[in-house]
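Novice: Here's a structure for you.
The values are calculated or read from the model by the stated rules, or taken from the named source; none is laboratory data. All values reported here derive from a predicted model rather than from experimental measurement. Here the Cβ positions follow ideal geometry from the backbone for every residue, glycine too, while neighbour counts run over all protein chains shown.
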Amino acid sequence: MTAEPHGMADWQRPASARLVDPEDDLPSSTYGGDFETTAIPRYDTEGSAKPEQSGYSLLGEPEPLPYVSPATPNPYAAAPAVPTEIGPHDADQRIRAAGRRGTTDLGLFLLRAGLGVLLVIHGLQKAFGWWGGAGLSGFEGSLNELGYQHAGLITYVAAGAQVGAGVLLVLGLFTPLAAAAALAYLINALLAAIAAAPDHSFVSFVVPSGHEHQVTLVVVAAALTLTGPGRYGLDAGRGWARRPFVGSFLALLLGIGVGVGFWVLLNGANPIA
């Protein structure tokens, strides 16, 4: 079955025909069933109807244009779709993109490396007697004098933890845990120094021969637990280096808890009594 060719202009409706009448889809009173095809009226350019023809003849024809007036403007033509650039949504990413951290990472590196080097030096003094240290035997004797139980075991644990935490801090590796371990050790050192002092007044605490050194180290270790290592370390790509929050706070609580618990369980003395 063939149909006579028609141009695209044959499919245009008159200007007055803007919408399709829903009643056009209703079957006629003489509808003969599925074998009858509804005839579709055609219009010429002057608006007069052309003779009806079978709907099968439309199979080879192009798709008709929408039933709107050609004079109707396209509402979407004035708003072309263009790609929109989406900027970084994370605050830390914006800071890194703008390069506004300044000397923050350098300052964190100095704090971290300074505390780590001090811990390594004092740990090697206790372990090997270097640089005027007492060695393992002398360290064990001082622990016995301070009232620690199981001083022989604590000697190895304390010296190893001090050196290990110091090395990790210098490298910037597992910084929250390393700083928490250093904090636990430094809390015990501070409590032991306070307990061994004959005078517990505030004046004796802040004089040059007092405990400012231990307090400063405790504060630095606590601060590094919360701030993280910064970018100049092996932890630079980890979350606690970019945006430390809950994990670092839990590490701080762990360090304080282990330090105080270590003192209470293995020494038991009241340092301010």
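Novice: Could you tell me which of the residues Thr175, Thr155 is over 24 Å from Ala113 (Cβ atoms) and crowded, with 23+ Cβ neighbours inside 10 Å? Before you say what the answer is, go through the steps one by one.
Specialist: Numbers: Thr175 fails: over 24 Å from Ala113 (Cβ atoms).
After applying the criteria, what remains is Thr155.
Novice: Quick check on my filter: what residues within region 120-151 are touching a Ser or Thr at 6+ places or on another chain (Cβ under 8 Å) and of a type in the set (A, V, I, L, M, F, W, C)?
Specialist: As a first pass, look at region 120-151 and keep what is touching a Ser or Thr at 6+ places or on another chain (Cβ under 8 Å): 126, 134, 136, 139-140, 143.
Once the filter is applied, which keeps residues that are touching a Ser or Thr at 6+ places or on another chain (Cβ under 8 Å) and of a type in the set (A, V, I, L, M, F, W, C), region 120-151 yields Ala134, Leu136, Phe139, Leu143.
Novice: Here's a follow-up. Taking Asn188, is it polar (S, T, N, Q), crowded, with 16+ Cβ neighbours inside 10 Å and not in a loop (DSSP other than H, G, I, E, B)?
Specialist: Spelling it out, Asn188 is indeed polar (S, T, N, Q), crowded, with 16+ Cβ neighbours inside 10 Å and not in a loop (DSSP other than H, G, I, E, B).
Novice: Kindly indicate whether Gly228 is under 20 Å from the mean Cα position of the chain (by Cα) and touching a residue at least 12 places away in the same chain (Cβ under 8 Å). Lay out the reasoning, then the answer.
Specialist: Values: under 20 Å from the mean Cα position of the chain (by Cα): yes; touching a residue at least 12 places away in the same chain (Cβ under 8 Å): yes.
Yes; evaluated as a whole, the condition is true for this residue.
Novice: Hey, Asn144 hits all of (1) under 41 Å from the mean Cα position of the chain (by Cα); (2) in a helix (DSSP H, G or I) but one; which does it fall short on?
Specialist: Unmet condition: (1).
Novice: In region 121-180, what count of residues is obtained for those that are of a type in the set (D, E, K, R) and touching a helix residue (DSSP H, G or I) at 6+ places or on another chain (Cβ under 7 Å)?
Specialist: 2
Novice: Somewhere in region 119-132, is a residue within 31 Å of the chain's Cα centre (by Cα), assigned by TED's automatic domain parsing to the domain that holds Tyr232 and of a type in the set (Phe, Trp, Tyr)?
Specialist: There is no residue in region 119-132 that is within 31 Å of the chain's Cα centre (by Cα), assigned by TED's automatic domain parsing to the domain that holds Tyr232 and of a type in the set (Phe, Trp, Tyr).
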